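One structure is given here, and the rest of the page talks about it.
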Amino acid sequence: MFVRRIARCIIAVAMWPIFHKFGSPPWLYAISGAILRWMLPVTLILLVIGAVWGLMFSPADFRQGNSYRIMYIHVPAAVVALAGYYVMALAGAINLIWRMKMADVAMKAAAPVGAAFTFLALFSGAVWGKPTWGAWWVWDARVTSMLILLFLYLGVVALYEAFDNKEAAGKACAVLSLVGMVNIPIIYKSVDWWYSLHQPASIKLTGESTIDPSMLYPLLLMIAAFYALFTCCLLLNMRVELLRRESRTHWVGSLAKRECSDVL
Amino acid sequence: MSGDPASSPLLASQSLCLIRGGRELFRELSFEVYAGQLWQIEGLNGAGKTSLIRILCGLSRFGFEGEVVCNSPLLYLGHQPAVKALLTPRENLSWHVSGDGLHSNTQIESALARVGLSGYEDVPCHTLSAGQHRRVNLARLFLSEAALWLLDEPFAAIDKEGVDELQTLLTAHVKAGGAVVMTSHQALQVNCDVRFLNLGAGVAA
Amino acid sequence: MSAPGTLQFCIRLLRRQLLLAVRRPIEISNPLVFFAMVVALFPLGLGPALENLAGFAAGTLWIIALLSNLLTSDAVFRSDFEDGSLEQLLLSPQPLYLSVLAYIGAHWLMTGLLLALASPVFALLLNLPGQALGTLVMSLLLGTAVLSLLGGIGAALTVGLKRGGMLTSLLILPLYMPVLIFGSAAVQGAVSGIPAGPYLAILAAMLCLAIALAPLAIAAGLRISIDA
């Protein structure tokens, strides 16, 4: 309670103008629209360049041949899926501490997006596993960790939907995602440990630690592209959520009127 | 906690505003409860009486605007009696989760006698009626040392004698320098001033 | 009349919870009966060959313990929520952190502790080698305490919802996984002659972390649920 008071005071003094603006739905809607206007094309360009470079021009792996190219989807998706959870938990924490409604919107919007990226990572991992390991699903440490991450995301989504009072839902999910954030490193470490206990020698992913620059650069580009893609998805989802929550307000009403007249 | 008790309110609310489901229940609700006052919150069903009591006692912490300052230990009795069916009335009171004191056996017996439950001290509560559960809960009023009482529909499911007894208790508490904020639909018959807070009109009178 | 000290209050809460359980003893025996029944499912599903069962015993026993803990976790705060006791607990001047620990402690004493003490009997049913019995009991003692704390988080977040049971499982099962990994690894290690000390130490470390942090999350969850 006391810590929260102090924190709120500091925020009130130092960052009031910024927070005040972030707390305003029309402002957030407008600024996210402006960001998306240049972010969407940039994301698209990055994705196309990264994909063409990685899938067509980078050299084939000497052991895995061409199948390793799934890495250009798999690795960025996994990286962003994990980062997404931290974005969600951070937004939840901001909502709990400073009671910022827009952080709640961000958290609510991040959960399904993060879950989708996690699913993409798992799916691409399975597709990659078939030619590499000979099975669609192998209980590899990373695969297992990603699966648990997906469960954590789905838990947040399920909890949010279970509450009728959406303000309570946001706070409950914030607590849950913070608990998950504390647990993710523990889960990752323990799954690593578990895997090294059980790992048969035949299943080993080679060529990961020593990656050639000709493969690394397109990978880095794809990771950047996926981060941008995540941001775009998050912002778009946030805008939908904003419109839904504010549907009875004046600014959404006039916005709808303007959009309709544009279409007509 | 500090300051002159005559001048500082036990409970102060500043511009409370509550919106539920797009409907504004009350706004700019500011009032101060001083020692020796009895406040009755009035309003139709759905006017926000229970919500207001829960905001005042601190159970509601979000979903409203404004601020509540409470300068006194408080006793809150809500709709649910907080009585465990598997425990006896004596155990329910002596081991109450609110932790509001260590009561001797004689204190508990006299409190239960005051609410008309003498002879029932050691029977399991699941054999008692709903009204008797509420009476076990009301016995806490006789045990509590809190100056500020927040009571949500204290007369519900209580028979006529019980209501009279309770009104006497409220008067005595207010006269002794306590304060009561309560919701009720019926007119109080007490020997002290009653201040009304009408939620329909949204004004303190 | 005097205000009770914090420690005194927590002990009182703990005694109250235990008394409530003792008055309805079937709630204490139910997890044990559940444990026994699920143990009986495994030979039916996997075949009765003793050497097969011994291979699976460590993991099986741990998974069953986890499930019976999970099924009881949901109810920790539910009856108190329904009869209004939880509101009174939240308004109490006593620190909620410690009150919550008392609730969870009572839950552990009635489920985890009893399961751990009874587990050697079930272990023999599944032909777990005798040298692993001590480790099994120790790992369950430590591990179920962590499970009770984590389960309390799920219970607190869902206590206000009409049908929380399934949801609670979805929320906390992912959090249970590290405990399962180290708990069953400890027993498996003891079976194959590896010292189990390090695993138990990690479980103990998890328990310390859970005692430090989980009550905060549970308290926050209860405050949110009571307000929903």
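The values are calculated or read from the model by the stated rules, or taken from the named source; none is laboratory data. Since we're looking at a predicted model, the values are computed, not measured. Note: ideal-geometry Cβ built from the backbone for every residue, glycine included; neighbour counts use all protein chains shown. Just the protein is used for accessible areas: all its heavy atoms, side chains included, with ligands, DNA and RNA removed. Shrake-Rupley method; radii C 1.70, N 1.55, O 1.52, S 1.80 Å.
Structural remarks
- For C:V39, the conditions (1) more than 11 Å from chain B (Cβ to nearest Cβ); (2) open to solvent by 50 Å² or more (accessible area, probe 1.4 Å); (3) of a type in the set (V, I, T) are fulfilled apart from (2).
- Within the option set C:L86, C:L124, C:L115, being without any contact (Cβ under 8 Å) to a residue 12 or more places away in the chain and either touching a Gly at 6+ places or on another chain (Cβ under 9 Å) or not basic (K, R) (or both) holds for one residue only, C:L124.
- Scanning region B:61-99 for residues that are at the interface with chain C (Cβ under 7 Å from one of its Cβ atoms), on the phi > 0 side of the Ramachandran plot and surrounded by fewer than 21 Cβ atoms within 10 Å (Cβ to Cβ) yields no hits at all.
- Criterion (of a type outside the set (G, A, S) and within 24 Å of B:Q40 (Cβ to Cβ)) met by exactly one of B:L197, B:L128, B:L112: B:L197
- Within region B:7-61, the set of residues being without any contact (Cβ under 8 Å) to a residue 24 or more places away in the chain, within 26 Å of B:K175 (Cα to Cα) and not in a strand (DSSP E or B) comprises B:S7, B:G58.
- Subset of region B:141-176 (residues that are open to solvent by less than 10 Å² (accessible area, probe 1.4 Å) and among the charged types (D, E, K, R)): B:D152
- When restricted to residues that are closer than 19 Å to C:D83 by Cα and surrounded by 20 or more Cβ atoms within 10 Å (Cβ to Cβ), region B:100-124 contains 1.
- Segments classed as helices (runs of 4 or more DSSP H), wholly inside region C:69-127, with at least 3 members that are of a type in the set (F, W, Y): C:96-110
- Some residue of region C:117-136 being under 19 Å from C:A21 (Cβ atoms) and either more than 14 Å from chain B (Cβ to nearest Cβ) or surrounded by fewer than 24 Cβ atoms within 10 Å (Cβ to Cβ) (or both): yes
- Pairs, first within 22 Å of B:N198 (Cα to Cα) in region B:165-187, second assigned to a strand (DSSP E or B) and open to solvent by 10 Å² or more (accessible area, probe 1.4 Å), C-beta under 6 Å, six or more apart: B:V181/B:W39
Residue-wise test of (1) of a type outside the set (V, I, T); (2) in contact with a Leu (Cβ under 7 Å, 6 or more places away or on another chain); (3) away from chain C (no Cβ under 11 Å); (4) in contact (Cβ under 8 Å) with a residue 60 or more places away in the chain.
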residue: B:V115; (1), (2), (3), (4): no, yes, yes, no
residue: B:T127; (1), (2), (3), (4): no, no, yes, no
residue: B:H133; (1), (2), (3), (4): yes, no, no, no
residue: B:L138; (1), (2), (3), (4): yes, yes, yes, yes
residue: B:D152; (1), (2), (3), (4): yes, yes, no, yes
residue: B:A156; (1), (2), (3), (4): yes, no, yes, yes
